[in-house]
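The values are calculated or read from the model by the stated rules, or taken from the named source; none is laboratory data. Quick caveat: nothing in here was measured; it's all calculated off a predicted structure. FYI the Cβ positions are ideal-geometry reconstructions off the backbone, even for glycines, and counts take in every protein chain you see. The area values use the complete protein model at the heavy-atom level, side chains included, leaving out ligands, DNA and RNA. Shrake-Rupley method; radii C 1.70, N 1.55, O 1.52, S 1.80 Å.
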Amino acid sequence: MLWVKALHIIFMVTWFAGLFYLPRLFVYHTLGKDAASTERFKLMERKLYYGIMTPGALLTVVFGLWLWLGYGVTGAWLHAKLALVGVLIGYHLWCGRLLSDFKDDRNTRSHVWYRWFNEFPVAILIAVVILAVVKPF
Ligand code: HEM
């Protein structure tokens, strides 16, 4: 079980690397004016989302489900955690929508909006890790 938990945490870190960096790229993308930097941001965003962030999300969930359903680790803390993970998956998919807006030069939001958007996963990370490690209920 400890190997599964180690892989769960490794892919969680991978997922969060993308969740923290992609919205930051969106901030700079809105500020970029020349075509060369815009095309570079599109390439970086696509590789990050499909090459790192989405595989990280899928494998975090696979190993998390393995811990839960395979080893029977559960509790009220896990139900609260799953609700927050559901919100996080929603945020991830929203990033995918924004990615295609940028790809088609259809973004209408400001860099200030993306700076606030960028902060949201921090709150989820803090809450989920406390639930998973401390198990307060
Ligand atoms: C569907 C998604 C997920 C499921 C089903 C799930 C389930 C689990 C389970 C059953 C454990 C074992 C707890 C134990 O042995 O004490 C665990 C550990 C852990 N999970 Fe998740 N998890 C999921 C997503 C996440 C996410 C998104 C994060 C990070 C934000 C996360 C962070 C952790 C951490 C840090 C541990 C280690 C806790 C410890 O060893 O004390 N998990 N997870």
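Some points to look at:
- Folded to 0 to 90 degrees: helix 76-103 orientation relative to the chain principal axis, Cα: 20
- Inter-probe distance in nm under a simple model that places probes 7 Å from Cα toward Cβ, at VAL87 and LEU31: 2.8
- Cα-based helix-to-principal-axis angle, 2-31 vs the chain, degrees rounded to 10: 20
- Using the Cβ-Cβ distance between TYR21 and THR74 with R0 = 30 Å, the FRET efficiency computed as 1/(1 + (r/R0)^6) comes to roughly 0.40.
- Gap separating the Cα centres of the stretch 90-128 and the stretch 14-33, nearest whole Å: 8
- Taking all Cα pairs closer than 8 Å and separated by 6 or more residues, the relative contact order of the chain comes to 40 percent.
- Geometric descriptor of the stretch 2-134, per residue, is 92 Å³ (volume of the convex hull of the Cα atoms).
- Proximal lysine pairs, the chain, alpha carbons under 27 Å, eight or more residues apart or interchain: 9
- With the simple spin-label model, which puts each label point 7 Å out from Cα in the Cβ direction, the MET1 to VAL134 separation comes to 2.2 nm.
- Gain in span if fully extended, TRP116 to LEU58, counting 0.36 nm per residue against the direct Cα distance: 18.3 nm
- Portion, in percent, of the accessible area of the stretch 26-88 that falls on carbon or sulfur, probe 1.4 Å: 72
- Once the Cα atoms are used to define both axes, helix 35-48 deviates from the longest principal axis of the chain by about 10 degrees.
- Average accessible area per residue (Å²) across the stretch 1-127 - probe 1.4 Å, nucleic acids and ligands excluded: 57
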